[in-house]
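Student: After the structure tokens below, expect a handful of questions from me.
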Amino acid sequence: MVEHNNENLDDIFHALADETRREMVRLVSEKERTVSEMAAPFDMSLAAASKHIKVLEKANLIQRTVEGRTHTCRLEAETLALASQWLSVYEKFWSKRFDLLESELLQEEKKKH
């Protein structure tokens, strides 16, 4: 089993549990974005977008830099890799189950013919 700091994983999955924040992560995965650019696709104020961004920052999914009045966000891909690594254990579990199901279904299909 892959072991990671549970608090970090809790923060990551809490942040990703929200659809708006997942979309924000997708946006910054394409390129760095300002807070205004991250808020634009949503019907929300800059203050509301900033609250979502703070959750993503706490989880270390994004990093915000400030130059003057411009706040720019970029993806912290290593953090996503931690979540992916943790999930990969379960991907292997389900892959095995789906392989077994496929074998059973093929055997049933052969019996019918």
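Student: What about Ile53, is it touching a Leu at 6+ places or on another chain (Cβ under 6 Å), surrounded by 15 or more Cβ atoms within 10 Å (Cβ to Cβ) and not small (Gly, Ala, Ser)? I'd like the intermediate steps shown before the answer.
Tutor: Details: touching a Leu at 6+ places or on another chain (Cβ under 6 Å): no; surrounded by 15 or more Cβ atoms within 10 Å (Cβ to Cβ): yes; not small (Gly, Ala, Ser): yes.
Spelling it out, it is not the case that Ile53 is touching a Leu at 6+ places or on another chain (Cβ under 6 Å), surrounded by 15 or more Cβ atoms within 10 Å (Cβ to Cβ) and not small (Gly, Ala, Ser).
Student: Could you list, in sequence order, the residues of segment 22-36 that are part of a helix (DSSP H, G or I) and in contact with a Ser or Thr (Cβ under 8 Å, 6 or more places away or on another chain)? Quick ask: steps written out before the conclusion?
Tutor: Applying the first criterion (part of a helix (DSSP H, G or I)) to segment 22-36 yields 22-30, 35-36.
Scanning segment 22-36 gives a single hit, Val35.
Student: Let me ask something else. Is there any pair with a first residue in segment 86-103 that is aromatic (Phe, Trp, Tyr) and part of a helix (DSSP H, G or I) and a second that is surrounded by 10 or more Cβ atoms within 10 Å (Cβ to Cβ) and modelled with pLDDT under 80 whose Cβ atoms are under 8 Å apart and which are 6 or more apart or on different chains, and what are they?
Tutor: Within 8 Å, the pairs are Trp86/Val2; Trp86/His4.
Student: List pairs: first residue in segment 22-37 and under 17 Å from Ala59 (Cα atoms), second residue surrounded by 15 or more Cβ atoms within 10 Å (Cβ to Cβ) and acidic (Asp, Glu) anywhere in the structure, Cβ distance under 8 angstrom, at least six positions apart or on different chains.
Tutor: Leu27/Glu37
Student: Checking Pro41 against (1) assigned to a helix (DSSP H, G or I); (2) without any contact (Cβ under 8 Å) to a residue 40 or more places away in the chain: exactly one of these is not met. Which one?
Tutor: Unmet condition: (1).
Student: Still on this model: Could you go through segment 71-79 and let me know if any residue there is among the basic types (Lys, Arg), part of a strand (DSSP E or B) and either exposed (fewer than 13 other Cβ atoms within 10 Å of the Cβ) or at pLDDT 90 or above (or both). First the steps, then the outcome.
Tutor: Restricting attention to segment 71-79, the residues satisfying the condition of being among the basic types (Lys, Arg) are 74.
From what's left, part of a strand (DSSP E or B): 74.
Add one more test, that the residue is either exposed (fewer than 13 other Cβ atoms within 10 Å of the Cβ) or at pLDDT 90 or above (or both), and what stays is 74.
Checking segment 71-79: at least one residue is among the basic types (Lys, Arg), part of a strand (DSSP E or B) and either exposed (fewer than 13 other Cβ atoms within 10 Å of the Cβ) or at pLDDT 90 or above (or both).
The values are calculated or read from the model by the stated rules, or taken from the named source; none is laboratory data. All values reported here derive from a predicted model rather than from experimental measurement. With ideal geometry, Cβ positions are generated from the backbone for all residues, glycine too; neighbour counts draw on all protein chains shown.
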